[in-house]
Amino acid sequence: MIEGSVEVTGTGPAGGRHPSGDYWERGWVVVNDVFTHDEVAAVKRLAMDVARAELEGKEGDDADVDLDAQGNRMPRKVMTPFLKDPVFGRFALSRKLRSLLRAIVGAPVFMVSDQIFLKPPRVGSAKPYHQDNAYFRCSPGDEVVTAWIALDDVDAENGCLRYIDGSHRLPVLDHHETAGEKYNLQPAAADIDLSRESLARVRQGGVVVHHSHALHTSHANTSSRWRRAYATHWVTETVTCKVGTLDRAYFATHPELYRDLEQH
């Protein structure tokens, strides 16, 4: 195993299987112990500092906040962290994460965009079922992937990801706006086979990797714990898009910054 890479053999949820096998069978896979406690702690502290500063400055919109029982605004999300501090960029572009994704997808991948989801204790809101490629509109879908890095231990109580196993084999379904949440798109309930739902529990520092067509959701955080995660979205060099996803990609809009952070 080269320095900075992740040994992927035997880290899939089935125990002894290579995670790429689980990924292509189910459309998602959990790989634990990718990042160290210290790596995660530094990113988590910075994420909270940025989120609180933006909240105090009233930056963002309703998609970036949750409300507690008294109606106080709580940080829900940090958009484009890559552009806000090089600590985020070095973390997201780490050689070991890129090595893991290349092993699963089968080709080098390049980061398009990112967000940090915070899902605060007791009030962190749910995210409805959706496919990422309903937003991205890229093809081939097999070469568009999300790496969701757990910054906390994540389970059912604090809002882990949930997947419809095998849904990555579906086309991109018709999605509609969620009532009262125009920033959330979701397919018709009839298109979601809940009998095939599985939970993606993951330890702090682990990564959940999922296909761009995989139907996924997360429930509200009903626990007393935060559920913070760093979501990164990637494509191979052969991907094309019907909308401006690639035009807005970090490697296109900030090539020098991208190259610099990629070297660390």
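Numbers at a glance
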| item | result |
| --- | --- |
| Residue in the stretch 203-221 that is over 16 Å from the mean Cα position of the chain (by Cα), in contact (Cβ under 8 Å) with a residue 40 or more places away in the chain and outside any strand (DSSP E or B) present | yes |
| Extreme residue, surrounded by the most Cβ atoms within 10 Å (Cβ to Cβ), among residues of the stretch 84-121 that are among the β-branched types (V, I, T) and touching a helix residue (DSSP H, G or I) at 6+ places or on another chain (Cβ under 6 Å) | I116 |
| Meets criteria (among the aliphatic types (A, V, I, L, M), more than 19 Å from the chain's Cα centre (by Cα) and farther than 17 Å from A92 by Cβ) for L161 | no |
| Pick from the stretch 122-159, criterion surrounded by 18 or more Cβ atoms within 10 Å (Cβ to Cβ) and among the polar types (S, T, N, Q), ranking: nearest to D66 (Cα to Cα) | S125 |
| Tally of residues being more than 20 Å from the chain's Cα centre (by Cα) and within 12 Å of Y129 (Cα to Cα) across the stretch 179-189 | 2 |
| Residue ID - farthest from the chain's Cα centre (by Cα), chosen from residues in the stretch 71-83 that are surrounded by 16 or more Cβ atoms within 10 Å (Cβ to Cβ) and without any contact (Cβ under 8 Å) to a residue 60 or more places away in the chain | M74 |
| Within the stretch 1-103, helices (runs of 4 or more DSSP H) holding 2 or more residues that are of a type in the set (S, T, N, Q) and at pLDDT below 90 | none |
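The values are calculated or read from the model by the stated rules, or taken from the named source; none is laboratory data. The structure displayed is predicted, hence computed values, not measured ones. Virtual Cβ from ideal backbone geometry, glycine too; neighbours counted across all protein chains shown.
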